[in-house]
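All remarks here apply to the structure that follows.
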2 protein chains.
Amino acid sequence: MTSHIEQLCIEKGLKMTDQRRVVARVLSEATDHPDVEQVHIRAMQIDPNISIATVYRSLRLLEEASIIERLDFGDGRARFEEACERHHHHLIDIQTGEVIEFMNDEIEELKKKIAHDLNYRLIGHRLELYGIKRRPEPEES
Amino acid sequence: MTSHIEQLCIEKGLKMTDQRRVVARVLSEATDHPDVEQVHIRAMQIDPNISIATVYRSLRLLEEASIIERLDFGDGRARFEEACERHHHHLIDIQTGEVIEFMNDEIEELKKKIAHDLNYRLIGHRLELYGIKRRPEPEES
DNA sequence: CTAGATGCAAAGAATTTGCGGCCCC
DNA sequence: GGGGCCGCAAATTCTTTGCATCTAG
């Protein structure tokens, strides 16, 4: 009944309304990285009257509470996923749009080191890879 | 007289008009990463009649010819810089907006390796760091 | 009753596009 | 004199907001 994200909202003391619960549930159940329109469509399957404005407002609320993360894959639309303790990044298949998550400690360390060497303290960062699936028989090393 | 970017355009056989020359020159002379409005303002200082639509069209032309690169620092506006052989990334000072370019071979290698391990061929990628300047007396390691 | 949440439609912001006019080969 | 380019303004797309209404405490 209570989605994971709704649980996090309650713990953070956010006032939960029916609509916010729906958005929380949609994002909890998502295994992809839906954009606002997709969240709205899925939300309407639960509550057909929910408006896009409320979806935007709910997403902003969840983002500001650090419960979800806003992603940007460079196509002009915001996408969302549940915030994760374990920091990860995305590889986007430019042919299918499929998004593969990955994490890599070496990169995390490198980023911190680079910022440090430039005399900066790292606050945020963003890494996306764009690629195409390799054929089973590799054509290049 | 002839800016570096204009030279590249000529080599690629692009038809150059007065307006395109102005945009090319603005970008050649830029040491920052201007957005479209900034390019337009600078262009108007050379040719007060150039329109924003032409700036957009010229930037697209240059981008499609791989002469300039479109950047996205997550604030909803596109920024541009001259394309560079030497691949580099950006560290954005979130207090001042200043952008510091850096490059790092280890990261380049890691990215290729990660994509390869996921059975992908890397086509593009994007890395931005967001940070704040450290005080002279470090408060954290 | 009051504060805050929602829906709707209008407003914004960044970017693209339709179109008449102009320029150049 | 025809194709391409330009400027202008309208159109698009994504997102935010003003406002009247509704709702829960």
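The values are calculated or read from the model by the stated rules, or taken from the named source; none is laboratory data. The structure presented is a predicted model; accordingly, all values stated were derived computationally and were not measured. Don't worry about glycine lacking a Cβ; one is built from the backbone with ideal geometry, like all the others, and counts go over all protein chains shown. When the accessible area is computed, the model is the full protein with side chains, heavy atoms only, and any ligands, DNA or RNA have been set aside. Shrake-Rupley method; radii C 1.70, N 1.55, O 1.52, S 1.80 Å.
Miscellaneous remarks
- Taking the conditions (1) within 14 Å of chain B (Cβ to nearest Cβ); (2) open to solvent by 30 Å² or more (accessible area, probe 1.4 Å); (3) of a type outside the set (A, V, I, L, M, F, W, C); (4) more than 15 Å from DNA strand D (Cβ to nearest atom) in turn, A:SER66 satisfies each one other than (1).
- Of all residues in the range B:52-64, none satisfies being within 30 Å of A:ILE123 (Cβ to Cβ), hydroxyl-bearing (Ser, Thr, Tyr) and outside any strand (DSSP E or B).
- Within the range B:32-51, if we keep just the residues that are within 13 Å of DNA strand D (Cβ to nearest atom) and part of a loop (DSSP other than H, G, I, E, B), the residue that is most open to solvent (accessible area, probe 1.4 Å) turns out to be B:ASN49.
- Here A:VAL22 qualifies as at pLDDT 95 or above, crowded, with 17+ Cβ neighbours inside 10 Å and within 14 Å of DNA strand C (Cβ to nearest atom).
- Options A:GLU98, A:GLU82; residue that is more than 7 Å from chain B (Cβ to nearest Cβ) and in contact with a strand residue (DSSP E or B) (Cβ under 7 Å, 6 or more places away or on another chain): A:GLU82
- From A:LEU61, A:LEU27, residue being touching a helix residue (DSSP H, G or I) at 6+ places or on another chain (Cβ under 9 Å), within 16 Å of DNA strand D (Cβ to nearest atom) and open to solvent by 40 Å² or more (accessible area, probe 1.4 Å): A:LEU61
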